[in-house]
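The values are calculated or read from the model by the stated rules, or taken from the named source; none is laboratory data. Since this is a predicted model, take the numbers as computed values, not measurements. Cβ atoms come from the backbone with ideal geometry, glycine included; neighbour counts cover every protein chain shown.
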Amino acid sequence: MAKKTDRWLQLRKSVEINDGLEVRKAQVWTEDKLWWWNKYIDITTAALVGRNKWPHDLVYVDLFAGPGILEFESGERIPGSPLLAMRAAKPFTKVLLCEKNHSRALACKKRAQSLATTQSIRVFEGDCNEQIGLICNSIPANALTLAFIDPTGLHASFETLATLTENRSVDLLILFADFMDIIRNVATYAQQSQSNLDQVLGPDCDWRSEWHSLADHSAAKVSRLFVQLYQNQLREHLGYEHFGDEVLYLDRGVPLYRILFASRNPLGLKFWNESTKKQRGSDRLF
Ligand SMILES: C[S@@+](CC[C@H](N)C(=O)[O-])C[C@H]1O[C@@H](n2cnc3c(N)ncnc32)[C@H](O)[C@@H]1O
């Protein structure tokens, strides 16, 4: 567990009173993910918002937003990614959120309204793969966008990322469900002509033959193969060049998923590395 800072404790405090709205269940590893994401938001907004070197808008996009608050079994609550963005010390120009589930989207909207911030916040209800065009219409030209893509499985299609990042500066933080999904289901996906894995990996990716020809089908090797294939796709089709170290989350010794950071700008990676540096090294087991 990452060491928690005063800022994180403040953010936790801001959601400790039960507002009666829907929450999502939190697991111990969820807090590390959000802690890192918040640190990245803090570092990036501090460096860019209101600075001459970045005179343009800074926009936050969250394609799998959730209701805004998570709750542990103990009843303790932590802010979800949308609230972290809305409470950034240096505010984003716009916060654009998408959530498919009606009651979660509603909870997120109500929480946004109760914050009464001056920034523009919009919640898009629906499948982000269908809403992406509308979301993109709300991103001002020249903005730098930080996009958090936090599904529970293989739900964000490559085409959605292509639309989001076309002719825009977008830094991506993606939950890559290798251990949670790919490793468990790859044999099934290999037999389907248009599987979820095909949707996520995108065009011209011959993952079936790469997977079949792997000499070692251990979880570590399969995971490494798919992470590399995904990064190649982001590089070749979308022009991403700078990739963050994959951070591995463990549940009682079981790997769960990776967080992938991708940017076209080396500065984005510098900010991400600063956010994760306390953990880097120790978690790089695969
Ligand atoms: C892992 S949770 C996201 C958690 C959130 N980042 C947070 O910090 O609380 C994934 C969320 O995405 C929603 N979801 C699932 N599929 C979706 C889709 N295709 N488009 C938009 N939202 C989706 C789920 O209802 C769920 O609330």
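Structure data summary
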| item | result |
| --- | --- |
| Within region 148-167, considering residues that are polar (S, T, N, Q) and modelled with pLDDT of 95 or more, the one nearest to Ile183 (Cα to Cα) | Ser157 |
| Residue tally, condition more than 16 Å from Val227 (Cβ to Cβ) and among the aliphatic types (A, V, I, L, M), over region 152-207 | 5 |
| Residue list for region 120-165, restricted to those being β-branched (Val, Ile, Thr) and surrounded by 17 or more Cβ atoms within 10 Å (Cβ to Cβ) | Ile121, Val123, Ile132, Ile135, Ile139, Thr145, Ile149, Thr160, Thr165 |
| Those residues of region 62-83 which are in a loop (DSSP other than H, G, I, E, B), touching a strand residue (DSSP E or B) at 6+ places or on another chain (Cβ under 9 Å) and of a type in the set (Ser, Thr, Tyr), in sequence order | none |
| In region 145-191, residue nearest to Ser263 (Cα to Cα) [restricted to those that are among the small types (Gly, Ala, Ser) and within 15 Å of the ligand (Cβ to nearest atom)] | Ala147 |
| Of residues in region 48-61 being outside any loop (DSSP other than H, G, I, E, B) and away from the ligand (no atom under 16 Å from the Cβ), the one farthest from Ile174 (Cα to Cα) | Leu48 |
| Cβ-Cβ under 9 Å pairs, at least 6 apart or on other chains, region 214-228 side farther than 13 Å from Ala177 by Cα, far side modelled with pLDDT under 90 and surrounded by fewer than 16 Cβ atoms within 10 Å (Cβ to Cβ) | Ala220/Leu285 |
| Flag if Asn137 is on the phi > 0 side of the Ramachandran plot and free of Cβ contacts under 8 Å to residues at least 24 places away in the same chain | no |
| Residues being within 9 Å of the ligand (Cβ to nearest atom), in contact with a Cys (Cβ under 8 Å, 6 or more places away or on another chain) and part of a helix (DSSP H, G or I) - total across region 118-144 | 2 |
| Residues of region 59-89 satisfying the condition of being surrounded by fewer than 22 Cβ atoms within 10 Å (Cβ to Cβ) and either farther than 13 Å from Leu11 by Cα or among the polar types (S, T, N, Q) (or both) | Phe64, Glu71, Phe72, Glu73, Ser74, Gly75 |
| Subset of region 68-109 [without any contact (Cβ under 8 Å) to a residue 40 or more places away in the chain, more than 8 Å from the ligand (Cβ to nearest atom) and in contact with a helix residue (DSSP H, G or I) (Cβ under 6 Å, 6 or more places away or on another chain)] | Met86, Val95, Leu97 |
| Within region 12-34, considering residues that are within 12 Å of the ligand (Cβ to nearest atom) and at pLDDT 90 or above, the one surrounded by the fewest Cβ atoms within 10 Å (Cβ to Cβ) | Lys25 |
